[in-house]
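The values are calculated or read from the model by the stated rules, or taken from the named source; none is laboratory data. Keep in mind it's a predicted model, so treat the numbers as computed, not measured. Glycine also receives a Cβ, built like all others from the backbone with ideal geometry; neighbour counts cover every protein chain displayed. The area values use the complete protein model at the heavy-atom level, side chains included, leaving out ligands, DNA and RNA. Shrake-Rupley method; radii C 1.70, N 1.55, O 1.52, S 1.80 Å.
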Amino acid sequence: MLTAHYSITLPADYDMTGIARRVADRSDPWDLRAGLLMKAFCVSEVRAEGHNSYAPFYIWADPAEFGSFLTGAEYAGLCSAFGPVPVRTGVVLQQHLGTGGTSYLLSESEPLGPLTDLRATARAEEARHLAVLEDPAVHSHITELDPAAMTVTRRTLLHEGHDAPRPKDGVRVLRVLHLSRPPQDQNQQDHQNQST
């Protein structure tokens, strides 16, 4: 499994209702997208960061389907609307994907430095992951590793109806407009549960 995400910076006076309409118009096919475990359609707004942004986050069960996304009409349409969109990827270390709606996604990245042995990092992130899941406000939690940048990113989704969290240093808060969770076949579901 791998993650993919991008963040499109938009002007402070950008009409974000246009993004909301785009998500409403285009999210249905993602609810059934082959090879996809999850897509969170996220935005940040000017009051939080000084600018607006559109920042979806994906978890792909099938890297070949991610390749089809990049080389198909979906990514081409995104770039046609917003210009070149660099896509960052990562390897899933830990994940728990909840059910029901979600309201906010919190993202925190930590550079690891020039490590050559990630075993201790993996153990520490597993313990952190389990501790996060003890919070009843948590809908989902995903830990990913970017092995090129040697960076760990932790993403926490909060249950729908939860108040917007107060921003903390180093933590990005995004509002989730829609969460796509395509149904998985039993083999995929068994693998997902084993990695939780």
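Within region 1-48, track down each residue that is in contact (Cβ under 8 Å) with a residue 60 or more places away in the chain and open to solvent by 30 Å² or more (accessible area, probe 1.4 Å).
M1, L2, H5, A20, A24, D31, L32, R33, A34, E45, A48
Which ones in region 166-182 are assigned to a loop (DSSP other than H, G, I, E, B) and under 22 Å from Y58 (Cα atoms)?
Matches in region 166-182: G170, R181, P182.
When you check T9 against the structure, is it part of a strand (DSSP E or B), β-branched (V, I, T) and more than 22 Å from S140 (Cβ to Cβ), yes or no?
Here the answer is yes, as T9 does meet what is asked.
Out of everything in region 12-59 that is of a type in the set (V, I, T) and in a strand (DSSP E or B), what residue ends up being nearest to V173 (Cα to Cα)?
Looking at residues that are of a type in the set (V, I, T) and in a strand (DSSP E or B), I get V43.
Just one of the numbered conditions (1) in contact with a His (Cβ under 8 Å, 6 or more places away or on another chain); (2) closer than 17 Å to Y6 by Cβ is not true of R154; which one?
Result: R154 passes all but (2).
Assess whether E125 counts as being at pLDDT 95 or above, out of contact with any Phe, Trp or Tyr (no Cβ under 6 Å at 6 or more places or on another chain) and more than 18 Å from I8 (Cα to Cα).
Taking the combined requirement at face value, the residue satisfies it.
Scanning region 77-86 for residues that are part of a loop (DSSP other than H, G, I, E, B) and farther than 20 Å from R172 by Cβ, which turns out least open to solvent (accessible area, probe 1.4 Å)?
G83
Quick one: which strands (runs of 3 or more DSSP E) lie wholly within region 87-153 and hold at least 2 residues that are open to solvent by 30 Å² or more (accessible area, probe 1.4 Å) and not basic (K, R)?
88-96, 102-111
Any residue at all in region 40-51 that's at pLDDT 95 or above and among the basic types (K, R)?
No; the residues of region 40-51 include none that is at pLDDT 95 or above and among the basic types (K, R).
Criterion first (at pLDDT below 95, charged (D, E, K, R), surrounded by 13 or more Cβ atoms within 10 Å (Cβ to Cβ) and in a helix (DSSP H, G or I)) does E74 satisfy it?
Spelling it out, E74 is indeed at pLDDT below 95, charged (D, E, K, R), surrounded by 13 or more Cβ atoms within 10 Å (Cβ to Cβ) and in a helix (DSSP H, G or I).
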